[in-house]
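Report on the structure given below.
The values are calculated or read from the model by the stated rules, or taken from the named source; none is laboratory data. Please read all numbers here as calculations on a predicted model, not as lab measurements. Cβ coordinates were reconstructed from backbone atoms using ideal geometry, including for glycine residues, and neighbour counts include every protein chain displayed.
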Amino acid sequence: MCGSLQREAYRLLRKLIVEYEEYFSHDVLNSEGRKVFEKAVKIILREHPELKQLVSRVRRKPTLENILKMVRVVGVDWELENQV
């Protein structure tokens, strides 16, 4: 991904996880969490259309576990995020 777009997508995904209590209800994304997730997905799919199937699965079942799986596949670099 491009530098600034990559950082933005990472920032959004990290925000979902770090601010878990605000964006999840019973381990499932709530409406505010879905908004943040969709912003990140828009950026990710622009650069990686091959992840569309994974994103579709997470959209169908937006659990914390599935979000974390997606984060691992996308390869969020937490160190890079901390430097931004």
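Is it fair to say VAL55 is surrounded by 15 or more Cβ atoms within 10 Å (Cβ to Cβ), within 12 Å of the chain's Cα centre (by Cα) and modelled with pLDDT under 90?
Details: surrounded by 15 or more Cβ atoms within 10 Å (Cβ to Cβ): yes; within 12 Å of the chain's Cα centre (by Cα): yes; modelled with pLDDT under 90: no.
Answer is no for this residue.
Would you mention how many residues in region 35-58 are of a type in the set (Lys, Arg) and without any contact (Cβ under 8 Å) to a residue 12 or more places away in the chain?
Applying the first criterion (of a type in the set (Lys, Arg)) to region 35-58 yields 35, 39, 42, 46, 52, 57.
Within this subset, residues satisfying the condition of being without any contact (Cβ under 8 Å) to a residue 12 or more places away in the chain are 35, 42, 52, 57.
So the answer is 4.
Pick from region 1-23 the residues that are of a type outside the set (A, V, I, L, M) and touching a Phe, Trp or Tyr at 6+ places or on another chain (Cβ under 9 Å): which of them is modelled with the lowest pLDDT?
Within region 1-23, the subset of a type outside the set (A, V, I, L, M) is 2-4, 6-8, 10-11, 14-15, 19-23.
Still in the list and also touching a Phe, Trp or Tyr at 6+ places or on another chain (Cβ under 9 Å): 10, 14-15, 23.
Details: TYR10: 88, ARG14: 91, LYS15: 94, TYR23: 97.
Among them, the one singled out is TYR10.
Looking at region 1-54 only, could you name the residues that are more than 17 Å from GLY75 (Cβ to Cβ) and of a type in the set (A, V, I, L, M)?
Passing the criteria: VAL18, VAL28, LEU29, VAL36.
Identify the residue in region 1-19 that is over 12 Å from the mean Cα position of the chain (by Cα) and assigned to a helix (DSSP H, G or I) and, among all such residues, is surrounded by the most Cβ atoms within 10 Å (Cβ to Cβ).
Taking region 1-19 first, the residues over 12 Å from the mean Cα position of the chain (by Cα) are 1-5, 19.
Narrowing further to those that are assigned to a helix (DSSP H, G or I): 3-5.
Working: GLY3: 9, SER4: 10, LEU5: 14.
Among residues in region 1-19 that are over 12 Å from the mean Cα position of the chain (by Cα) and assigned to a helix (DSSP H, G or I), the one surrounded by the most Cβ atoms within 10 Å (Cβ to Cβ) is LEU5.
Any idea how many residues of region 58-79 are surrounded by fewer than 13 Cβ atoms within 10 Å (Cβ to Cβ) and either over 13 Å from the mean Cα position of the chain (by Cα) or at pLDDT 95 or above (or both)?
Number satisfying all stated conditions: 4.
Go through region 24-47 and give me each residue that's modelled with pLDDT of 90 or more, more than 12 Å from the chain's Cα centre (by Cα) and surrounded by 13 or more Cβ atoms within 10 Å (Cβ to Cβ). Before the answer, list the steps.
Filtering region 24-47 for residues modelled with pLDDT of 90 or more gives 24-46.
From the residues that got through so far, the ones that are more than 12 Å from the chain's Cα centre (by Cα) too are 24-28, 30-32, 46.
Matches in region 24-47: PHE24, VAL28, ASN30, GLU32.
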